[in-house]
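FYI, it's all coordinate maths here, none of it is from the lab. In this text, all values refer to a predicted model and were calculated from it rather than measured experimentally. Neighbour counts run over all protein chains shown; Cβ positions are idealised from the backbone, glycine included.
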Amino acid sequence: MDASYRRSGAGGGGGSAPRTVEDIFKDYRARRNAIHRALTHDVEEFYAQCDPEKENLCLYGYANEAWEVALPAEEVPTELPEPALGINFARDGMKRSDWLALVAVHSDSWLVSVAFYYAARLTRNDRKRLFGMMNDLPTVYEVISGMRQSKERDRSGGIDNSGRNKLPSKHTVEAVPPPRAENNAREADEGYDEDDGDHSETLCGTCGGIYSAEEFWIGCDVCERWYHGKCVKITPAKAESIKQYKCPSCSSKRPRQ
């Protein structure tokens, strides 16, 4: 994809740069979701694209939540900060989990740099508020490395809460908080503050909102992300008639040939 596509944020606002705290945070969250999906849900495709035999490659996340492995921008200096260069070279020389964690660390750094590039004209208080909003979300590295899950297991005395079939009903999440995924593809819907309680540590896969027992949530049986019912247009009554729910992302994903 060309530089104009990257500058426009891949459809995130018609080419205009985000200017308010809310718009910059929305851009940050979308790019973060894209990076997270590349390193978890789409990890096999991402891994295959990072061929060490190719030239210096970068991982881009866009404001429409699409991700791309591509060569860096040709213009110097670039209009936006660029992600880490040459992530593909170390792929075969490290353990897969360590390599993904390394990519996650560099991606977190890039996400912050893009956000504060846009935030350069904000006031001191607005920059502080933006950072607080960003810091309320776990970093990609925390999700990929499983730091959050390890802390939760320690606090729960080693009890495994990963089984989805342990819920009385997948659709009655008003009474039971959505579980964490404990596999290698760590989900992004996990909170950050250790003192917030279990219910506040799950994020909606669409809007990034924090779990609330007062709202209806539904979990995807394919990717195991959780969503506000209103975000995916599913009501409690409709959910009861669904045997296997697939989120919009999984429904639109084509099977590999």
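The distance linking the stretch 29-68 with the stretch 112-126 is 24 Å (Cα centroid to Cα centroid, whole angstrom). Charge dipole (Cα centre; +1 on Lys/Arg Cβ, -1 on Asp/Glu Cβ; no other charges) of the stretch 3-145 amounts to roughly 700 debye. The loop-placed trypsin sites (Lys or Arg not before Pro) in the stretch 85-152, going by DSSP, that have at most 11 neighbouring Cβ atoms within 10 Å of their Cβ come out as Lys95. Here the label points at Ser97 and Thr123, each 7 Å from Cα along the C-beta direction, are separated by 4.7 nm in the simple model. As a rough footprinting exposure proxy, the listed residues Thr206, Thr40, Thr78 were ranked by other beta carbons within 10 Å of their own, and the order from fewest upward is Thr78, Thr206, Thr40.
Think of the stretch 61-121 as having a plus end and a minus end, set by charges on the Cβ of Lys, Arg, Asp and Glu; of Gly93, Pro81, Tyr118, Gly93 sits farthest toward the positive end of this dipole. Karplus-based coupling profile of the stretch 65-71, in residue order and whole Hz: 6, 8, 10, 8, 9, 8, 5, with θ = phi - 60° in 6.51 cos²θ - 1.76 cosθ + 1.60 and x standing for Gly or Pro. Note on the stretch 3-145: Rg/Rh from Cα positions, Kirkwood definition for Rh, rounded to two decimals, is 0.97.
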